[in-house]
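Engineer: Below are the structure tokens for one structure; questions will follow.
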Amino acid sequence: MRSKFALLVFFIALSSARGAYAQGCALCYTTASAAGAAAQRSLDWGILALLAPALTLFLCVMFMLYRRAVSSSV
């Protein structure tokens, strides 16, 4: 139980790091803000479309590792 809590605290600390939110470049921000509302919506959907497969793969690998750790500890 303690290791799960430590892992949760680690991920919260990692996601709240200042550098994690500073990944956008000024050129991309300027171009996106100058675009119209339809282009901004398209950009949002494009980001989600690129995020979905990577996130799915990551979650599947984490689930398999978790299942392996649980089955080996029994």
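The values are calculated or read from the model by the stated rules, or taken from the named source; none is laboratory data. Owing to the predicted nature of the structure, the values given are computational and were not obtained by experimental measurement. Note that each Cβ is placed from the backbone with ideal geometry, even for glycine, and that neighbours are counted across all protein chains shown. In case anyone asks, the SASA skips ligands and DNA or RNA and just uses the protein heavy atoms, side chains included. Shrake-Rupley method; radii C 1.70, N 1.55, O 1.52, S 1.80 Å.
Engineer: If each DSSP helix of 4+ residues adds -39,500 (n - 2.57) and the sum is divided by the residues in the chain, what number results at 222 nm, nearest 500 deg cm²/dmol?
Structural biologist: It comes out at -28000 deg cm²/dmol, rounded to the nearest 500.
Engineer: Roughly speaking, to the nearest percent, how much of the chain's 1.4 Å accessible area is carbon and sulfur? Don't skip to the answer; put the middle values down first.
Structural biologist: Numbers: 5040 of 6890 Å².
Answer for the chain is 73 percent, counting heavy atoms of protein chains only.
Engineer: I want to verify a result. In a Gaussian network model of the chain, Cα cutoff 10 Å, which of these has the top mean-square fluctuation: L51, L59, L14?
Structural biologist: Between L51, L59, L14, it is L14 that shows the largest mean-square fluctuation.
Engineer: Rolling a 1.4 angstrom probe over the protein heavy atoms, how many square angstrom per residue are accessible across the chain?
Structural biologist: Working: 6890 Å² over 74 residues.
With the other protein chains kept in place, the chain gives 93 Å² per residue.
Engineer: Which entry is the computed P(r) over Cα pairs in 5 Å bins from 0, in percent for this structure: [x] 3, 12, 10, 18, 17, 13, 10, 8, 5, 3, 1, 0; [y] 3, 17, 20, 19, 15, 11, 8, 5, 2, 0; [z] 3, 16, 26, 22, 14, 9, 4, 3, 2, 1, 0?
Structural biologist: Label [x] holds the value from this structure.
Engineer: Using 13 Å as the cut-off for backbone N distance, which residues of region 54-74 belong to the label zone defined by a point 7 Å from the Cα of S3 along Cα→Cβ?
Structural biologist: Those under the cut-off are 65-74.
Engineer: If each of L51 and T30 carries a label point 7 Å out from its Cα toward its Cβ, how far apart are those two points in nm?
Structural biologist: 2.6
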